[in-house]
Ligand code: SAH
Ligand code: SF4
C-alpha cells in the first residue's frame, strides 16, 4: 500500500490532519493495536474509530516474520513475508538499529551480491518499508534505520522517500539516523536535498577505478568515482553529516596499493567515513559463486590503518548478523532453495 493512500483512507474516514498524525504515529511507533484502539476511543471521531481496526489489520498483514535467526553479536536476521508471498530480509542490529529492504531483488546486479542474482522482482511500497520498522519495534527499541537490506533505494525513490518522511516525523527517528544506502544515482542527489527529512547518505563506492566499477556494478549509473565523491561531499556539507562510503573488500581486486592511493586521493580531507566490509561469501549449492575471496582480517586491518595515516577516517566492519547468514539477500536465497528442494525442484 502506498503511504499517500493510507493518508487518503484516513481522510475519507473523516480524519482531520491532527487525527491522521496521531493514527500514523501509533502505527509507526509500534504501539500495540489495543492501545491505539483505546486512544482512538478517547480522541478520534466515530467514523474513523470504527474504520481503524480493519485498516490496522491490513497494515499488520503487510509484513510478517517468517523466520528469525539470532546472531552471537546481538543482531537478528528476520526473513519477512509480504502479503503476496514474496520475502525480504530485515535485520535487527545491535544498538537499536534496523536494516530494511526496499525492493524484492535488485536490478543493479553487483557481481558479489546475492540480492542482484535474480534481477528485480518487485518494488516494496512505502508502507511495506515502514512495516519492517514496525515489526522490528515489536521486538525491541529502534532509533536508527538503515536502508541497506535488499534492493537499490534509488530505484524505488518515491516510496523510499515517503517512508523516510514518515519515519523522520511521526516515527520519531532522528534524520541523521536514517541512512540511505545507494550505488549513486543523479536522482538521489537532486531529490534528497529537497526533502523535508534529509537522511544521511551511504555511497557504495567499492573502487576508485571507473572501468573496474563498471565490471563490479554492471547496471549502476555510470558516474565516475571522483564525481560521486564530489556529489557526496556537497550533500555532506549541506546536511552537516558525513558521507559513509561502503567498500566491500575483495581480495586481490580492490585491496591493492593502487586502490589505497586512489582512496587517499579522493577522500583525504573530505567530510566522510570509509567503511571497509570484508566480502561475505555468496554461496550457491554450497560452492562460492564467483570465486571472490575476502582478505584476511589482518590484511583488512592493515588497509584501514594505512588509510587512517593518510587522512581518511576508516572503520573496518563485520557486517551485522554475519555468523547467521552472511551477506545481503542470502537468507532469502537459502529459504527459496529449501522451498524448491522440498518441492523436488533443484
Ligand atoms: N543497493 C544499496 C543498498 C543495499 S546493499 C547499495 O548497494 O548500497 C548494502 C551493502 O551491502 C552494499 O554496500 C553492498 O556492497 C553490500 N554487500 C552486498 N553483498 C555483499 C557481500 N557478499 N559481502 C559484503 N558486502 C556486501
Ligand atoms: Fe543491488 Fe546493492 Fe546488491 Fe548491488 S549491492 S545488487 S545495488 S542490493
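The values are calculated or read from the model by the stated rules, or taken from the named source; none is laboratory data. Quick caveat: nothing in here was measured; it's all calculated off a predicted structure. Ideal geometry is used to build each Cβ from the backbone, glycine not excepted, and the neighbour counts take in all protein chains shown.
Taking residue 308 as meeting all but one of (1) touching a residue at least 24 places away in the same chain (Cβ under 8 Å); (2) assigned to a helix (DSSP H, G or I); (3) in contact with a strand residue (DSSP E or B) (Cβ under 7 Å, 6 or more places away or on another chain), write down the number of the exception.
(1)
Could you grab me the full set of residues in region 277-313 that are modelled with pLDDT under 95 and in contact with a helix residue (DSSP H, G or I) (Cβ under 6 Å, 6 or more places away or on another chain)?
Correct list: 278 only.
Out of 178, 203, report the one residue that is more than 27 Å from residue 265 (Cα to Cα), modelled with pLDDT of 95 or more and under 14 Å from the mean Cα position of the chain (by Cα).
Values: 203 fails: more than 27 Å from residue 265 (Cα to Cα).
Residue meeting the stated conditions: 178.
Each row is one residue, and each column tells you yes or no for (1) at pLDDT below 95; (2) in a helix (DSSP H, G or I).
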{"site": "7", "(1), (2)": "no, yes"}
{"site": "10", "(1), (2)": "no, yes"}
{"site": "26", "(1), (2)": "yes, yes"}
{"site": "48", "(1), (2)": "yes, yes"}
{"site": "64", "(1), (2)": "no, no"}
{"site": "80", "(1), (2)": "no, no"}
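This table checks each residue for (1) within 19 Å of residue 154 (Cα to Cα); (2) within 15 Å of ligand 2 (Cβ to nearest atom); (3) in contact with a strand residue (DSSP E or B) (Cβ under 7 Å, 6 or more places away or on another chain).
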site: 75; (1), (2), (3): no, no, yes
site: 81; (1), (2), (3): no, no, yes
site: 86; (1), (2), (3): no, no, yes
site: 93; (1), (2), (3): no, no, yes
site: 97; (1), (2), (3): no, no, yes
site: 108; (1), (2), (3): yes, yes, no
site: 111; (1), (2), (3): yes, yes, no
site: 115; (1), (2), (3): yes, yes, yes
site: 119; (1), (2), (3): yes, yes, yes
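Modelled with pLDDT under 95 and within 13 Å of ligand 1 (Cβ to nearest atom): is that true of residue 253 in this structure?
When the stated conditions are applied, residue 253 does not pass them.
Tell me whether region 112-125 contains one or more residues that are over 15 Å from the mean Cα position of the chain (by Cα), in contact (Cβ under 8 Å) with a residue 40 or more places away in the chain, under 24 Å from residue 206 (Cβ atoms) and not in a helix (DSSP H, G or I). Steps first, answer last, please.
Let us first name the residues in region 112-125 that are over 15 Å from the mean Cα position of the chain (by Cα), namely 112, 117-122.
Remaining after also requiring in contact (Cβ under 8 Å) with a residue 40 or more places away in the chain: 112, 117.
Within this subset, residues satisfying the condition of being under 24 Å from residue 206 (Cβ atoms) are 112, 117.
Keeping just the survivors that are not in a helix (DSSP H, G or I) gives 112.
Within region 112-125 (the criterion being over 15 Å from the mean Cα position of the chain (by Cα), in contact (Cβ under 8 Å) with a residue 40 or more places away in the chain, under 24 Å from residue 206 (Cβ atoms) and not in a helix (DSSP H, G or I)), the answer is yes, since at least one residue qualifies.
Got a number for residues in region 126-149 being part of a loop (DSSP other than H, G, I, E, B) and either within 16 Å of ligand 2 (Cβ to nearest atom) or surrounded by fewer than 21 Cβ atoms within 10 Å (Cβ to Cβ) (or both)? Steps first, answer last, please.
Looking only at region 126-149, we keep the residues that are part of a loop (DSSP other than H, G, I, E, B), and these are 138-143, 148-149.
Next, only the ones that are either within 16 Å of ligand 2 (Cβ to nearest atom) or surrounded by fewer than 21 Cβ atoms within 10 Å (Cβ to Cβ) (or both) stay: 138-141, 143, 148-149.
Within region 126-149, residues that are part of a loop (DSSP other than H, G, I, E, B) and either within 16 Å of ligand 2 (Cβ to nearest atom) or surrounded by fewer than 21 Cβ atoms within 10 Å (Cβ to Cβ) (or both) number 7.
Does residue 84 count as more than 16 Å from the chain's Cα centre (by Cα), at pLDDT 95 or above and not in a strand (DSSP E or B)?
Taking the combined requirement at face value, the residue satisfies it.
Which residues, taken from region 66-97, are free of Cβ contacts under 8 Å to residues at least 24 places away in the same chain and surrounded by 15 or more Cβ atoms within 10 Å (Cβ to Cβ)?
The answer is 81, and nothing else.
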